[in-house]
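Notes to accompany the following structure.
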Ligand SMILES: Nc1nc2c(c(=O)[nH]1)N[C@H]1C(S)=C(S)[C@@H](COP(=O)(O)OP(=O)(O)OC[C@H]3O[C@@H](n4cnc5c(=O)[nH]c(N)nc54)[C@H](O)[C@@H]3O)O[C@H]1N2
Ligand SMILES: Nc1nc2c(c(=O)[nH]1)N[C@H]1C(S)=C(S)[C@@H](COP(=O)(O)OP(=O)(O)OC[C@H]3O[C@@H](n4cnc5c(=O)[nH]c(N)nc54)[C@H](O)[C@@H]3O)O[C@H]1N2
Ligand SMILES: [Mo]
């Protein structure tokens, strides 16, 4: 989303779905996982919208949709690519919008070579590192300034995430052909790239009939233009793939071509997960980001403050990222207060540095290899929730100490005692070296603070009850941990302790347990004038001279006028449907991003029906139902002077103000590591040979060659028939994620009391499975068992002339709680998307057999036997198979 539009958040708010004329839900079970927001889909349907659901499994979302399309998991790019082709071949794009607001007319380097010629690879592929040099992908004349440095390093640090708050860079003025005829303009490149995604190809790859495909393509394109809009909804059915970012890119391309971004009833609704998952990337719990998507410094690339900021700003770049120096200085000022001065680069030297991949999967492999001594685990249960459960548990069993803060005694705290590896003899409780400290946590109703939910909306929560016993909030824990550490270090003269001792750590506390004030934290996040203490009204007031401190620049304004704007709860009957006075959305309380695009280039609403934000010539300002996502008084006719950068470089008709060229990106010259355009690759584990190209899987995917992490073979490798079935893993309404919060709740535990596996009647017949009997599933990592549910919810699909059976599993079970069962995540290996390092945990291959699994050492023996049959002997590494075009067709050893 960041690379396509300029910001990584959902483009819209869920209420806006009610204005859509068509809604495509793909990679999401919205009715079950986001039931409250789903009311707006139902409202749209009531008003006449057509609803499509594309999913491997028929769910309650499918039941409420007008049309359900079963799809082979992991093939959405082929389907969406088919829609792109349908739009372009039939010239159904919203031409005025596309010309003015996207990069369709921009001319690309003559060095660019597409996947058609290179059998599934783009130009610039380096087989030695399985990554791309991106110079040839750039706009014409920008080859030298791709800004793509070492893409292997970018992959290791998930640098793609930086584009969550701003687009990727553009090296200067661009060449355009407004007639869209130039063979190297983006529009023509797109046409050629997607030409092979025909309805026949969609059928061959996805198992979706041509007729069903055309129903979807027609409905989507018919609801486009001045009068009509369509919305796209996805969630983790799209993200958890080795090509997850490119799924979203394909959806974004369709929405741009149809003129659906920035308009009522349009957009790409990325549904986020937990209550504050959006918040956990905005103010990140990630290794590679700082608040507001400022990149975590890398030791080699960012030796000084100026280097760091310079890399973010990219001089001459258009758009709001031009002010990054002020955001960065204000963040450091918030951290180190009086100690941070312009003279000492605001204590930039205190910030930790990245040296490579510090992501959770690399960490756990490092634990297995004895490189990590201690681990804090807060609000996460990787023994059940993360891919490759066995690796997670073996890693945690090899620490010196582990601190778990949770509401319940979860599997990640008891693996040494009750985990499956105890039964197999791999972990011996008496000998397990890890000392586990379990600290009980206060739940969301037992503490105050904000959640930032799916539509970038911050909502303040009051404390309802006091936490029982020793349960404490995270705020309490970290504040007092910091306080105690500082007290212990007081008087130290060691330079390494300065970063801790110079921190601003002065939050007021209250109550019997000295609970820090969450409002004080929110005020710091909002930012203030360091001389007067005045709270800032927004990020445009941030300065780079030390006169402002801002904890998270994109949240600046949440405490404007000294008022907790997140706590606003004006009823919807007392305001219009946009409800701007309910909570506070970043940035600047905008509900629909890029809403400048809801007006035509001259600033007039595209139509009366789709009126939203427009230029008022009398008052000479942008106005409408929402906060304009544009400089309020910049007229539609504004043209930047020669060489203008930053905000001044954005023209009056450039709605994508965070992008380096002000345009929505149909083609991404940089910012995406696996290609400027989406391409169908098979999942890392697939029973099918890629019908589109010689290149089988994403060549740049992040792999972890480690003996604990063998991958099931896929064609053209031998023995892929050992794991013949596709399996996919997702959620039940009645359970929550890794299950502690629902398996410990009586009513929920009773509603879904057992681990089960869904199979179609056809597969049950084939594999000899009986309804309500037992089955066990085997991968190169593990074997798990489950009760069998034979159901028509799964459709066998015809793919490449053969039948592909898909198996569905919930991932909520583990060894603790009122109801227990084997964990589906034990089946997965670890393979990640190269851009954001999200694991491929929506699709893998396995075998399924009737009856219960073996126990004790016999369990590992069964897995070993499968490995031998699959040719996975000895030190098992993950092969990257590339086409001849990449140089070498042999399986390459990355060890
Ligand atoms: N009741 C309940 N609600 C929840 C949660 C919960 O655990 N329980 N979890 C919360 C969290 S953390 C999150 S992130 C969200 C997740 O919300 P969702 O993403 O909606 O939930 P999932 O059930 O994981 O998966 C969505 C759908 O993707 C489909 N799918 C899998 N692979 C593919 C594919 O390749 N292509 C397509 N088109 N579809 C695919 C699955 O069959 C499934 O129906 O839900 C949140 N809400
Ligand atoms: N195969 C497969 N795997 C998946 C997914 C999938 O779709 N398929 N989905 C992925 C997704 S989207 C997610 S979000 C993850 C979730 O995976 P995890 O985050 O590992 O699982 P949760 O059960 O949500 O763990 C959250 C823990 O936090 C505790 N908790 C709740 N509130 C608080 C609090 O205020 N403080 C503290 N300290 N603890 C608290 C809960 O009791 C719970 O044990 O799973 C991922 N794994
Ligand atoms: Mo999630």
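The values are calculated or read from the model by the stated rules, or taken from the named source; none is laboratory data. None of these values were measured; they are calculated from a predicted model. Cβ placement follows ideal geometry from the backbone for every residue including glycine, while neighbour counts extend to all protein chains displayed.
Go through the residues of the range 258-279 one by one and say whether even a single one is near ligand 1 (Cβ under 10 Å from one of its atoms) and touching a helix residue (DSSP H, G or I) at 6+ places or on another chain (Cβ under 6 Å). Yes. May I ask you to list the residues in the range 469-507 that are within 15 Å of ligand 2 (Cβ to nearest atom), under 20 Å from residue 522 (Cβ atoms) and in a loop (DSSP other than H, G, I, E, B)? If the condition is that a residue be within 15 Å of ligand 2 (Cβ to nearest atom), under 20 Å from residue 522 (Cβ atoms) and in a loop (DSSP other than H, G, I, E, B), then 473 is the only one that fits. Applying the criterion of at least 3 residues that are outside the structural domain of residue 851 (by TED's automatic domain parsing), within 16 Å of ligand 2 (Cβ to nearest atom) and without any contact (Cβ under 8 Å) to a residue 40 or more places away in the chain to the strands (runs of 3 or more DSSP E) found wholly in the range 727-796 leaves an empty list.
Select the helices (runs of 4 or more DSSP H) contained entirely in the range 6-93, then report the ones holding at least 2 residues which are farther than 27 Å from residue 195 by Cα.
30-33, 35-46, 60-64
Within the range 600-615, the residues that satisfy the criterion of being surrounded by fewer than 21 Cβ atoms within 10 Å (Cβ to Cβ) and either under 14 Å from residue 654 (Cβ atoms) or over 33 Å from the mean Cα position of the chain (by Cα) (or both) are 600, 601, 602, 603, 604, 607, 608. When the range 220-243 is filtered for residues that are in a helix (DSSP H, G or I) and within 13 Å of ligand 3 (Cβ to nearest atom), the ones remaining, listed by number, are 236, 237, 238, 239. Of all residues in the range 769-787, those satisfying the criterion of being more than 16 Å from residue 729 (Cβ to Cβ) and touching a helix residue (DSSP H, G or I) at 6+ places or on another chain (Cβ under 9 Å) are 769, 770, 771, 780.
Can you say whether residue 680 is assigned to a loop (DSSP other than H, G, I, E, B), buried (at least 24 other Cβ atoms within 10 Å of the Cβ) and within 15 Å of ligand 1 (Cβ to nearest atom), as far as the supplied structure shows?
Yes, satisfied.
Looking at (1) in contact with a helix residue (DSSP H, G or I) (Cβ under 8 Å, 6 or more places away or on another chain); (2) over 19 Å from residue 830 (Cα atoms); (3) within 16 Å of ligand 2 (Cβ to nearest atom), which is the only condition residue 413 fails? Result: residue 413 fails condition (1) only. Of the candidates 204, 226, 218, the single residue that is without any contact (Cβ under 8 Å) to a residue 60 or more places away in the chain, touching a helix residue (DSSP H, G or I) at 6+ places or on another chain (Cβ under 9 Å), more than 16 Å from ligand 2 (Cβ to nearest atom) and in the same structural domain as residue 112 (by TED's automatic domain parsing) is 218.
Residue 508 passes every criterion in (1) within 22 Å of residue 278 (Cβ to Cβ); (2) touching a helix residue (DSSP H, G or I) at 6+ places or on another chain (Cβ under 9 Å); (3) surrounded by fewer than 21 Cβ atoms within 10 Å (Cβ to Cβ) apart from (1). Taking the listed residues 273, 279, the one that is in contact with a strand residue (DSSP E or B) (Cβ under 6 Å, 6 or more places away or on another chain), modelled with pLDDT under 95 and within 16 Å of ligand 3 (Cβ to nearest atom) is 279, with no other qualifying. Any residue in the range 27-36 that is away from ligand 3 (no atom under 16 Å from the Cβ) and under 18 Å from the mean Cα position of the chain (by Cα)? No, the range 27-36 has no match at all.
So that you can scan it fast, the table gives a plain yes or no per residue for (1) crowded, with 17+ Cβ neighbours inside 10 Å; (2) within 35 Å of the chain's Cα centre (by Cα):
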{"position": "439", "(1), (2)": "no, yes"}
{"position": "446", "(1), (2)": "yes, yes"}
{"position": "458", "(1), (2)": "yes, yes"}
{"position": "475", "(1), (2)": "yes, yes"}
{"position": "482", "(1), (2)": "no, yes"}
{"position": "490", "(1), (2)": "no, no"}
{"position": "529", "(1), (2)": "no, yes"}
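Here the condition is being in contact with a strand residue (DSSP E or B) (Cβ under 6 Å, 6 or more places away or on another chain) and on the phi > 0 side of the Ramachandran plot; of 120, 124, it holds for 124 alone. Per this entry, residue 383 is not counted among residues that are assigned to a loop (DSSP other than H, G, I, E, B), in contact with a helix residue (DSSP H, G or I) (Cβ under 8 Å, 6 or more places away or on another chain) and not assigned by TED's automatic domain parsing to the domain that holds residue 240.
On the given criteria, is residue 47 in contact (Cβ under 8 Å) with a residue 60 or more places away in the chain, surrounded by fewer than 22 Cβ atoms within 10 Å (Cβ to Cβ) and more than 16 Å from ligand 2 (Cβ to nearest atom)?
Spelling it out, it is not the case that residue 47 is in contact (Cβ under 8 Å) with a residue 60 or more places away in the chain, surrounded by fewer than 22 Cβ atoms within 10 Å (Cβ to Cβ) and more than 16 Å from ligand 2 (Cβ to nearest atom).
The residues of the range 283-309 that are within 16 Å of ligand 1 (Cβ to nearest atom) and touching a residue at least 12 places away in the same chain (Cβ under 8 Å) amount to a single one, 286.
Looking at 597, 560, 585, just one residue is touching a residue at least 24 places away in the same chain (Cβ under 8 Å), crowded, with 22+ Cβ neighbours inside 10 Å and either closer than 19 Å to residue 292 by Cβ or in contact with a strand residue (DSSP E or B) (Cβ under 7 Å, 6 or more places away or on another chain) (or both), and that residue is 585.
The set of residues from the range 388-432 being under 22 Å from residue 744 (Cα atoms) and part of a loop (DSSP other than H, G, I, E, B) comprises 407, 408, 409, 410, 419. None of 688, 729, 722, 708 is in contact with a helix residue (DSSP H, G or I) (Cβ under 7 Å, 6 or more places away or on another chain) and within 16 Å of ligand 1 (Cβ to nearest atom) except 729. Just one of the numbered conditions (1) in contact (Cβ under 8 Å) with a residue 12 or more places away in the chain; (2) more than 26 Å from the chain's Cα centre (by Cα); (3) more than 30 Å from residue 596 (Cα to Cα) is not true of residue 115: (2). Checking the range 424-435 against the condition returns no match, with no residue being within 10 Å of ligand 2 (Cβ to nearest atom) and surrounded by fewer than 24 Cβ atoms within 10 Å (Cβ to Cβ). Would you say residue 785 is modelled with pLDDT under 95 and within 26 Å of residue 870 (Cα to Cα)? The answer is no for residue 785.
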